[in-house]
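Peer 1: Sharing a structure below in structure tokens format, with a few things to ask.
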Amino acid sequence: MSAPTLDALVSLCKRRGFIFPGSEIYGGLANTWDYGPLGIELKNRVQHEWWKRFVSQRRDMVGLESGILMNPKVWEASGHVSNFGDPLVDCKKCKQRFRGDKLLEEKIGVEGAAVLTLEQVQPMLLAEKIKCPSCGGLDWAIAKKFNLMFRTQQGVIEGEGADIYLRPETAQGMFVNFRNVQQSMRKRLPFGIAQTGTVFRNEITPGNFTFRTREFQQMEIEYFVAPGTEGPIFEQWKDDMWQWCLDIGLAPERLRIREHTKEELSHYSSRTIDIEYQYPWGWGELYGLANRSDFDLSQHQKCSGQEMTYTDPDDPMKKFLPYVIEPTFGLTRTVLAILLEAYEDEKLKEDDTRTVLHLKPIVAPYDLAILPLSKKEHLIAKAEELYKKIVQSSGLHIDFDITGRIGKRYRLQDEI
Ligand code: ATP
């Protein structure tokens with residue numbers, strides 16, 4: 001099955017109620033998307049399936065829902081205020097702005113682009129003759145660091161002290177609540193906290209449909225372990241993440257694992273791998289798995305003055321900061337990968353093609369459809385009775401469609 005074009009998928013998503021352009025009647029707001037009736041069912045299913053697999057069905061996992069707004073000191077401690085940025089380059093000719101490292105990825109590879117210092121970006125763009133994607137010019141300004149945190153103000157008084165950030169990841173909510181969760185749930189190491197939710201990043205170059213947006217959803221796990229035990233646990237999470245990808249229907253030939261080089265590692269990480277998917281425009285990150293060591297807990301301990309240690313229940317004298325393995329999954333990016341993988345324009349006859357979404361039952365918006373063949377009142381009533389019976393007894397998601405020719409209704413079902 002050949003990969004669909006992104007345009008074909010975007011069009012299906014709008015036509016069939018999966019994903020609509022945001023604020024469309026006002027001319028839209030670039031790179032914002034709204035999940036329609038089928039999109040939200042699919043997204044909810046992915047999220048529920050994930051929660052079931054990684055939280056409800058595991059004794060070593062518990063859930064959390066922390067706030068989007070947090071004390072700004074959290075983001076100073078985590079390093080986001082000083083480190084969470086991308087190299088921004090201005091095209092001096094057309095004044096458009098781009099992410100310098102992304103422009104270079106095709107020429108020098110993802111690893112090569114990720115390790116460039118800020119000073120190296122502009123000379124490299126010129127040396128590699130990377131033209132402005134907007135105007136075709138070759139006139140780049142010196143790169144600047146651009147912080148991706150969304151800043152806003154809380155309360156009625158503007159100015160100093162009212163500045164606050166929208167969270168760029170769900171992870172920090174789990175770190176600051178580590179002791180609350182561990183003590184209230186009497187958890188022993190190793191154990192994990194999971195949370196799903198919306199995050200915000202002021203991306204320089206959002207795009208490729210829902211692949212890179214400024215508001216998106218994540219499903220993250222912080223898995224706390226005793227220092228020295230993280231090696232095999234990291235490997236186990238790698239296998240579990242890979243298996244999840246297969247179970248939601250992604251083809252192994254369009255998946256690969258990429259180990260981050262030492263130079264590429266984020267400020268908090270001692271080892272990171274990405275699970276990448278082959279999107280229509282090339283390989284790109286789908287998920288990440290990082291060994292964050294005790295970086296976050298030790299930073300929060302230092303900056304808040306509060307103890308963040310774990311006490312060994314078998315030896316109360318033994319107190320230490322756990323290490324953390326972090327499997328992180330983009331929820332909205334998962335939905336995109338699932339849709340790309342499932343999409344097929346199937347040629348039936350010379351002049352007849354039908355669009356089919358080969359969705360795995362665990363993520364499909366509907367489990368079954370009831371399509372009465374006749375519009376006779378007593379038959380519709382029977383069909384409705386059947387609908388109610390199945391919905392109430394099984395909890396299955398059922399589409400009920402009585403409009404149009406039956407052949408057309410079958411085709412419409414193929415598309416979803
Ligand atoms: P990228 O290299 O693509 O910018 P990242 O390394 O910054 O991603 P993480 O910080 O590891 O991403 O975020 C965890 C997950 O969140 C990613 O694996 C991805 O699935 C998702 N994600 C990150 N940024 C975006 C975005 N702008 N839009 C949609 N999903 C995103």
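Peer 1: Please tell me if Leu250 is in contact with a helix residue (DSSP H, G or I) (Cβ under 6 Å, 6 or more places away or on another chain) and away from the ligand (no atom under 11 Å from the Cβ).
Peer 2: yes
Peer 1: Go over the candidates Glu377, Glu384 one by one and state the one that is acidic (Asp, Glu) and free of Cβ contacts under 8 Å to residues at least 12 places away in the same chain. Write out each step before concluding.
Peer 2: Values: Glu384 fails: free of Cβ contacts under 8 Å to residues at least 12 places away in the same chain.
Just a single option satisfies the conditions, and that option is Glu377.
Peer 1: Of the conditions (1) under 30 Å from Leu104 (Cα atoms); (2) in contact (Cβ under 8 Å) with a residue 40 or more places away in the chain; (3) in a strand (DSSP E or B); (4) more than 13 Å from the ligand (Cβ to nearest atom), Lys238 clears all except one; give me its number.
Peer 2: That leaves (3) as the condition not met.
Peer 1: Can you pull out the residues in the stretch 196-213 that are touching a strand residue (DSSP E or B) at 6+ places or on another chain (Cβ under 6 Å), in a loop (DSSP other than H, G, I, E, B) and within 8 Å of the ligand (Cβ to nearest atom)?
Peer 2: Glu203, Pro206, Thr210
Peer 1: Which ones in the stretch 22-45 are in contact (Cβ under 8 Å) with a residue 24 or more places away in the chain and more than 27 Å from Lys360 (Cα to Cα)?
Peer 2: Ala30, Asn31 - these are the residues of the stretch 22-45 that are in contact (Cβ under 8 Å) with a residue 24 or more places away in the chain and more than 27 Å from Lys360 (Cα to Cα).
Peer 1: For Gln243, are the conditions met, namely being out of contact with any Lys or Arg (no Cβ under 6 Å at 6 or more places or on another chain), part of a helix (DSSP H, G or I) and either within 16 Å of the ligand (Cβ to nearest atom) or more than 28 Å from Ser184 (Cα to Cα) (or both)? Break it down stepwise before answering.
Peer 2: Details: out of contact with any Lys or Arg (no Cβ under 6 Å at 6 or more places or on another chain): yes; part of a helix (DSSP H, G or I): yes; either within 16 Å of the ligand (Cβ to nearest atom) or more than 28 Å from Ser184 (Cα to Cα) (or both): yes.
For Gln243, the condition - out of contact with any Lys or Arg (no Cβ under 6 Å at 6 or more places or on another chain), part of a helix (DSSP H, G or I) and either within 16 Å of the ligand (Cβ to nearest atom) or more than 28 Å from Ser184 (Cα to Cα) (or both) - is met.
Peer 1: Applying the selection to the stretch 157-185, what residues are among the charged types (D, E, K, R), assigned to a loop (DSSP other than H, G, I, E, B) and either more than 16 Å from the ligand (Cβ to nearest atom) or over 22 Å from Val199 (Cα atoms) (or both)?
Peer 2: Glu158, Glu160
Peer 1: I would also like to ask the following. Kindly list the number of the only condition in (1) more than 9 Å from the ligand (Cβ to nearest atom); (2) in contact (Cβ under 8 Å) with a residue 40 or more places away in the chain that fails for Pro232.
Peer 2: Every condition holds for Pro232 apart from (2).
Peer 1: Sticking with this one: Being free of Cβ contacts under 8 Å to residues at least 40 places away in the same chain, of a type in the set (A, V, I, L, M, F, W, C) and assigned to a loop (DSSP other than H, G, I, E, B) is the filter here; which residues of the stretch 85-141 pass it?
Peer 2: Of everything in the stretch 85-141, those that are free of Cβ contacts under 8 Å to residues at least 40 places away in the same chain, of a type in the set (A, V, I, L, M, F, W, C) and assigned to a loop (DSSP other than H, G, I, E, B) turn out to be Leu116, Ile130, Leu138.
Peer 1: So, one more: Please work out if Glu220 is under 30 Å from Thr311 (Cβ atoms), within 11 Å of the ligand (Cβ to nearest atom) and assigned by TED's automatic domain parsing to the domain that holds Gly330.
Peer 2: Working: under 30 Å from Thr311 (Cβ atoms): yes; within 11 Å of the ligand (Cβ to nearest atom): yes; assigned by TED's automatic domain parsing to the domain that holds Gly330: yes.
Spelling it out, Glu220 is indeed under 30 Å from Thr311 (Cβ atoms), within 11 Å of the ligand (Cβ to nearest atom) and assigned by TED's automatic domain parsing to the domain that holds Gly330.
Peer 1: Moving on. Just give me the residues in the stretch 246-269 being in contact (Cβ under 8 Å) with a residue 60 or more places away in the chain, surrounded by 13 or more Cβ atoms within 10 Å (Cβ to Cβ) and either touching a Cys at 6+ places or on another chain (Cβ under 8 Å) or not in a loop (DSSP other than H, G, I, E, B) (or both), in sequence order.
Peer 2: Those that are in contact (Cβ under 8 Å) with a residue 60 or more places away in the chain, surrounded by 13 or more Cβ atoms within 10 Å (Cβ to Cβ) and either touching a Cys at 6+ places or on another chain (Cβ under 8 Å) or not in a loop (DSSP other than H, G, I, E, B) (or both): Asp247, Arg254, Arg258, Glu264.
Peer 1: Pairs only if they're at least six apart or on different chains, beta carbon under 6 angstrom, first in the stretch 285-306 and farther than 18 Å from Asp240 by Cβ, second part of a loop (DSSP other than H, G, I, E, B) and within 16 Å of the ligand (Cβ to nearest atom); list them, first residue then second.
Peer 2: Ser293/Ser270; Phe295/Tyr268
Peer 1: Further question: Just one of Gly17, Gly63, Gly39, Gly67 is at pLDDT 95 or above, surrounded by fewer than 13 Cβ atoms within 10 Å (Cβ to Cβ), out of contact with any His (no Cβ under 7 Å at 6 or more places or on another chain) and not polar (S, T, N, Q); which is it?
Peer 2: Answer to the selection: Gly67.
Peer 1: Within the stretch 157-164, identify whether any single residue is surrounded by 13 or more Cβ atoms within 10 Å (Cβ to Cβ), modelled with pLDDT of 90 or more and closer than 29 Å to Ser78 by Cβ, and answer yes or no.
Peer 2: yes
Residue by residue, here is whether (1) more than 21 Å from Ile40 (Cβ to Cβ); (2) not polar (S, T, N, Q) holds:
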site	(1), (2)
Thr309	yes, no
Pro313	yes, yes
Pro316	yes, yes
Pro327	yes, yes
Asp351	yes, yes
His358	no, yes
Leu379	yes, yes
Ser393	yes, no
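The values are calculated or read from the model by the stated rules, or taken from the named source; none is laboratory data. Nothing here was measured: the structure is a model prediction, and the numbers come from that model. For neighbour counting, all protein chains shown are included, and Cβ atoms are generated from backbone atoms with ideal geometry for every residue, glycine included.
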